Amino acid sequence: MTIRVVLVDDQVLVRTGFRMILDETEGIEVVGEAGDGAAAVEVSARTRPDVVLMDVRMPGVDGITATERIRALSPAPRVIILTTFDLDDYLFAGLRAGASGFLLKDTLADDLIAAVRVVASGEAVTAPSATRRLIAHYVAAPAAGPARADHRLDPLTAREREVLTLIARGLSNAEIAGSLCVSEGTVKTHIGRILAKLGLRDRIQAVILGYECGLVTP
């Protein structure tokens, strides 16, 4: 299947650069572009893309609001937030709005292509190291001591809670498997059950919940 992509950025040169990369990639097709959030919602509703590359700071409707509106469409495209190296103040809000991760605007071509494919498959695109930096920067550290009682975690088994803790610490599936002495397949099974039980969309939301519940601290 061809992955359909919409590019959203108020800078024409940025959109042109991304289009050149993606249009030359087998299995990916750019089906639309927009220079602001309002146009992004309209183009997404009309073209029904699989993935939207979304800038944050744009005139008129910003990328956060546009992400919320696009994620409310049916079927809902997956959204990748485009950000700068120093992490936009709006980035965490973007993830909460339904984005599946973020990319730096100066990302390498291979990383851009890989991110689009990963997100289209239903996974989050944020790397573990970037996840640690992101959450540590935007989530206030809870008081020292054991994790706060949080009934949202009640459906989890002890092992699933342990896996969630490792996810929130930014470990990859392979690292979690090594830490728990299990296979990566077992880790994926645990993660699938965690997401289903807690009503989470992807790994990013699991990380955020882990910090909110005090399983880990920045």
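The values are calculated or read from the model by the stated rules, or taken from the named source; none is laboratory data. Since we're looking at a predicted model, the values are computed, not measured. All Cβ positions, even for glycine, are placed from backbone atoms using ideal geometry, and neighbour counts span all protein chains on display. Remember, those area values only see protein heavy atoms, side chains included, never the ligands or the DNA or RNA. Shrake-Rupley method; radii C 1.70, N 1.55, O 1.52, S 1.80 Å.
Odds and ends about this structure:
- Scanning region 39-55 for residues that are more than 19 Å from Leu104 (Cβ to Cβ) and either basic (Lys, Arg) or at pLDDT below 95 (or both) returns Arg46, Arg48.
- Verdict on Ala45 being surrounded by fewer than 16 Cβ atoms within 10 Å (Cβ to Cβ) and within 20 Å of Phe92 (Cβ to Cβ): no
- Only listed residue being part of a helix (DSSP H, G or I), of a type in the set (A, V, I, L, M) and open to solvent by 10 Å² or more (accessible area, probe 1.4 Å), chosen from Ala38, Ala66: Ala38
- If you go through region 50-59 and keep only what is open to solvent by less than 10 Å² (accessible area, probe 1.4 Å), closer than 14 Å to Gly32 by Cα and in a loop (DSSP other than H, G, I, E, B), you end up with nothing.
- Against the numbered list (1) farther than 20 Å from Ser121 by Cβ; (2) buried (at least 17 other Cβ atoms within 10 Å of the Cβ); (3) under 16 Å from the mean Cα position of the chain (by Cα), Glu160 comes up short only at (3).
- Extreme residue, most open to solvent (accessible area, probe 1.4 Å), among residues of region 188-197 that are farther than 18 Å from Arg169 by Cα and in contact (Cβ under 8 Å) with a residue 24 or more places away in the chain: Arg193
- The set of residues in region 198-208 being within 23 Å of Leu103 (Cβ to Cβ) and either hydrophobic (A, V, I, L, M, F, W, C) or part of a helix (DSSP H, G or I) (or both) consists of Leu200, Arg203, Ile204, Gln205, Ala206, Val207, Ile208.
- If you go through region 105-117 and keep only what is open to solvent by less than 50 Å² (accessible area, probe 1.4 Å), more than 11 Å from Leu22 (Cα to Cα) and either of a type in the set (Lys, Arg) or not in a loop (DSSP other than H, G, I, E, B) (or both), you end up with just Ala115.
- Scanning region 171-196 for residues that are part of a helix (DSSP H, G or I) and more than 18 Å from Ile208 (Cα to Cα) yields Ala174, Glu175, Ala177, Gly178, Ser179, Leu180, Glu184, Gly185, Thr186, Val187, Lys188, Thr189.
- In region 198-218, residue most open to solvent (accessible area, probe 1.4 Å) [restricted to those that are of a type in the set (Gly, Ala, Ser) and closer than 23 Å to Gly122 by Cβ]: Gly199
- Checked against the criterion of being in contact (Cβ under 8 Å) with a residue 60 or more places away in the chain and either over 19 Å from Asp202 (Cβ atoms) or of a type in the set (A, V, I, L, M) (or both), the candidates Leu103, Leu108, Leu73, Leu95 yield just one match: Leu95.
- Qualifying residue in region 130-153 (condition: at pLDDT 65 or above, open to solvent by 40 Å² or more (accessible area, probe 1.4 Å), farther than 30 Å from Thr25 by Cα and more than 20 Å from the chain's Cα centre (by Cα)): yes
- Qualifying residue in region 18-41 (condition: among the charged types (D, E, K, R), without any contact (Cβ under 8 Å) to a residue 12 or more places away in the chain and within 18 Å of Ala76 (Cβ to Cβ)): no
- Counted residues, region 111-123 - those being within 17 Å of Ile204 (Cβ to Cβ) and touching a Ser or Thr at 6+ places or on another chain (Cβ under 8 Å): 3
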